[in-house]
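Novice: Have a look at this one before I ask anything.
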Amino acid sequence: MTLQKYRKNLPQFKGHHLLTDGGLETTLIFHDGIDLPLFASFHALSTTDGRTALRRYYEKYARLARAQGTGFILDSATWRASKDWGDRLGYSDEDLKKANLDAVALLFDLRAEFEAKSPFVVSGNMGPRGDGYSPATLMTAEEAVDYHSTQVSTLDEAGVDMISAITMTHTGEAIGIARACARRQVPLALAFTVETDGHLPTGQPLKEAIAEVDAGNAPAYYMINCAHPDHFRSVLEAGEDWTSRIWGLRANASRMSHAELDEAEELDDGDPQELGRDYASLLDTLPNLRVFGGCCGTDHRHVEAIGFHCVATRIGGLEKPGRSSL
């Protein structure tokens, strides 16, 4: 096992296209029937069935990346493995640290098994202190540094190549995480949640949010996540410098708003092929797009279609995917 294999040399900056996973929590809950209190996927590590389900989940994507000849970002199941969420689930500080370390250790095992010609990057996943759909818990940058530094340090200790902070709803928290990662010299991919108008849940335009964070400790790159491409397509301006800072997409399968998704009792998994085409339609607008995955409602079928439309047709000429056998 080689720790921090790509930290100083992230392959997405070397021309590699990388897939990543889809909606981990929605897959475990709706497809695998795993109980995830508070939507906390790290809690699955506490049971044999949960660990088996997590490994099976990652293996599908790892096989897919190998089949399509792409790299892959293994993102840890630690989106809600920070103190406030751990406290609500009854985890001690020591237990929470162990959950973060165990989640990353699983990824190193998977990389050892599946990495071949294309790079498999190990990423420590972080989420917001509050709800990923709502900016109700607003933080200053200083408060965010204080809160998130513990998890950043733990993921760094675990040996991750990078950190992915996703579903960020406001710039204060995003800036704090960027500072915490900079202090530990860990590359950061920062993903903002946007609403149906393409703005952050606070109402701030995405363009302004990226500029505000970049004015301090700029992350390695940005992603957009937890919204359908139709929700943010109109705010992306081809040729604008700021769009070159967006290197990844992790979109929702559904066109529903966050409020509608909160009220939904059934999973809306949309149309995988249509989503793949929606991603491909943004390639000319986002010149540095290299990381392709999904968020709520997506699974390996969606990422397979996204990989085909955005990567495989451009680098390998693979046949169009049909019913997945993964």
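Novice: When both residues are 6+ apart or on different chains and their Cβ atoms are under 8 Å apart, which pairs have a first residue that lies in the stretch 269-289 and is closer than 21 Å to TYR222 by Cβ, and a second that is crowded, with 23+ Cβ neighbours inside 10 Å and of a type in the set (Val, Ile, Thr)?
Specialist: Close Cβ pairs (under 8 Å, with a partner that is crowded, with 23+ Cβ neighbours inside 10 Å and of a type in the set (Val, Ile, Thr)) amount to LEU275/THR298; LEU275/ILE306; TYR279/ILE306; LEU286/ILE246; ASN288/ILE246; LEU289/ILE246.
Novice: In the stretch 215-251, which residue that is touching a helix residue (DSSP H, G or I) at 6+ places or on another chain (Cβ under 8 Å) and hydroxyl-bearing (Ser, Thr, Tyr) is surrounded by the most Cβ atoms within 10 Å (Cβ to Cβ)?
Specialist: Selected residue: TYR222.
Novice: Looking for whichever is of a type outside the set (D, E, K, R), surrounded by 24 or more Cβ atoms within 10 Å (Cβ to Cβ) and part of a helix (DSSP H, G or I) here; the options are GLY124, GLY176, GLY172. Which one fits?
Specialist: Criteria check complete, one pass: GLY176.
Novice: Do we have any residue at all in the stretch 130-141 that's surrounded by fewer than 19 Cβ atoms within 10 Å (Cβ to Cβ), under 19 Å from the mean Cα position of the chain (by Cα), farther than 24 Å from PHE13 by Cβ and not small (Gly, Ala, Ser)?
Specialist: yes
Novice: Got a sec? Which of TRP79, TRP85 is under 20 Å from ALA165 (Cβ atoms), touching a Lys or Arg at 6+ places or on another chain (Cβ under 9 Å) and touching a residue at least 12 places away in the same chain (Cβ under 8 Å)? Before you say what the answer is, go through the steps one by one.
Specialist: Numbers: TRP79 fails: touching a Lys or Arg at 6+ places or on another chain (Cβ under 9 Å).
The match here is TRP85.
Novice: Give the residues of the stretch 188-214 that are buried (at least 21 other Cβ atoms within 10 Å of the Cβ) and among the hydroxyl-bearing types (Ser, Thr, Tyr), sorted by residue number.
Specialist: The one that is buried (at least 21 other Cβ atoms within 10 Å of the Cβ) and among the hydroxyl-bearing types (Ser, Thr, Tyr): THR193.
Novice: Evaluate the stretch 257-267: report whether one residue or more is charged (D, E, K, R), assigned to a loop (DSSP other than H, G, I, E, B), without any contact (Cβ under 8 Å) to a residue 24 or more places away in the chain and closer than 21 Å to GLY307 by Cα.
Specialist: Checked the stretch 257-267: no residue is charged (D, E, K, R), assigned to a loop (DSSP other than H, G, I, E, B), without any contact (Cβ under 8 Å) to a residue 24 or more places away in the chain and closer than 21 Å to GLY307 by Cα.
No lab work stands behind these numbers, since they all come straight from the coordinates. No experiment lies behind these values; they were computed from the predicted model shown. Every residue, glycine among them, receives a Cβ derived from its backbone with ideal geometry; neighbour counts consider all protein chains shown.
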